[in-house]
Amino acid sequence: MNTPEVSNLSSLQAPAKASAITLYARAGADFAAKLDATIELLRAAAQDHRGAIVQATSLGAEDMVVTDLIARLHLGIAIGTLETGKLHPETSALIPRIEQRYGLPVEVYRPREEQVLHFVRQNGEDAMYRSLELRKACCGVRKMEPLGRMLEGRTAWVTGLRREQSNNRGAVPFIEGEANGRTKVNPLADWTWNEVWHYIASHDVPFNPLHDEFMPSIGCAPCTRAIAVGEDFRAGRWWWEDEAAKECGLHATKGSDAVPA
Ligand code: SF4
């Protein structure tokens, strides 16, 4: 498996600075209706799962929109995030920004220290580049296990998944019944990237400054790079892997029953 050096990627990358808002913020004619439907969906989910629903935010642009709606509408949906220990400082800095801006607590779930130490001791800090199995094992320790704790005792969770993000996500439903009985709510399933940025611009939503550096999809620092013009939305995530493998396990759909909204 060839792992490109980050320094070799500079030729692929677009210029260092640009405003994501200027580049992307545009709303289609049906945006107002789409936003109304999103609000209705979130309200219904909050009511159906009162006290047992959490937004699992990656702190990316879509998730910031969802957090803004949760706060603005006083939905009572908890907000949780995974601090993997490998995030960019710009990403981690959003946690206190959300708390200050909205006056809502963010639940932060970190990996178990002993599991991380064991994994790194066995496989090294750069294990994710060596094989798909090791990359998934790293995601297992740093993301899946903490996500399990976030979702414990909860009957529903909210994500920022959109169909446009990748082929793997092309059929994301608004509401998914998972095999474990939990409900996954994807209120932005039919939003476009332009609409996400239109909402951010028109509601002054805080966002990760790395989006201004051509990183539309931001995960852990070692597994995220900027994309070039014409590359797919998620081309900068686990870029050394095949397209079909590019999920960390958080949003696997096997065994789920899709429920159309
Ligand atoms: S995204 Fe990369 S660094 Fe983060 S948990 Fe997965 S493999 Fe590890």
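The values are calculated or read from the model by the stated rules, or taken from the named source; none is laboratory data. Since the model is a prediction, treat every value here as computed from it, not as a measurement. Quick reminder, even Gly has a Cβ in these numbers, built from the backbone with ideal geometry, and neighbours come from all protein chains shown. To get the accessible areas, we keep the full protein, side chains included, count just its heavy atoms, and leave off ligands, DNA and RNA. Shrake-Rupley method; radii C 1.70, N 1.55, O 1.52, S 1.80 Å.
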Problem set entry | Per-peptide average of other Cβ atoms within 10 Å, ordering 134-140, 80-86 highest first | 80-86, 134-140
Seminar exercise, completed: Rg (one decimal) and Dmax (whole number) from the Cα set of the chain, in Å, equal 17.8, 54
Seminar exercise, completed: Placing one equal point scatterer on each C-alpha of region 111-158 and summing with Debye, one gets log10 I(q)/I(0) at q = 0.16, 0.30 Å⁻¹ equal to -0.48, -1.07
Problem set entry | Rounded to 5, percent antiparallel among DSSP beta bridges of the chain | 35
Exercise. Within region 59-199, what percent of beta bridges assigned by DSSP are antiparallel, to the nearest 5?
Worked result: 30
For this session: Give the Rg (one decimal place) followed by the Dmax (whole number) of region 46-173, computed from C-alpha coordinates and expressed in Å.
Result: 15.9, 47
Problem set entry | Relative pair counts by distance (%), Cα atoms of region 68-140, 5 Å bins | 3, 13, 21, 17, 14, 11, 10, 8, 3, 0
Problem set entry | Positive-pole candidate from Val116, Leu94, Val141, dipole of region 90-142, charges at beta carbon | Val141
For this session: May I ask for the equivalent-ellipsoid semi-axes of region 110-234, computed as the square root of five times each C-alpha gyration tensor eigenvalue and listed largest first in whole Å?
Result: 27, 22, 14
For this session: State in Å² the accessible area per residue of the chain; use a 1.4 Å probe, count heavy atoms of protein chains only, and round to the nearest integer.
Result: 47
Seminar exercise, completed: Of the accessible area of the chain, computed with a 1.4 Å probe and all protein chains kept, carbon and sulfur make up a percent value of 52
For this session: Please identify the helices of the chain, taking whole runs of DSSP H, that span at least 20 Å along their own axis as judged from the Cα atoms and have a mean Kyte-Doolittle score of -1.0 or higher.
Result: 31-48
Exercise. What order do you get for 180-186, 205-211 when each peptide is scored by the mean count of other beta carbon atoms within 10 Å, highest first?
Worked result: 205-211, 180-186
Problem set entry | region 190-242: radius of gyration over Cα atoms, expressed as a fraction of 2.2 N^0.38 Å | 1.22
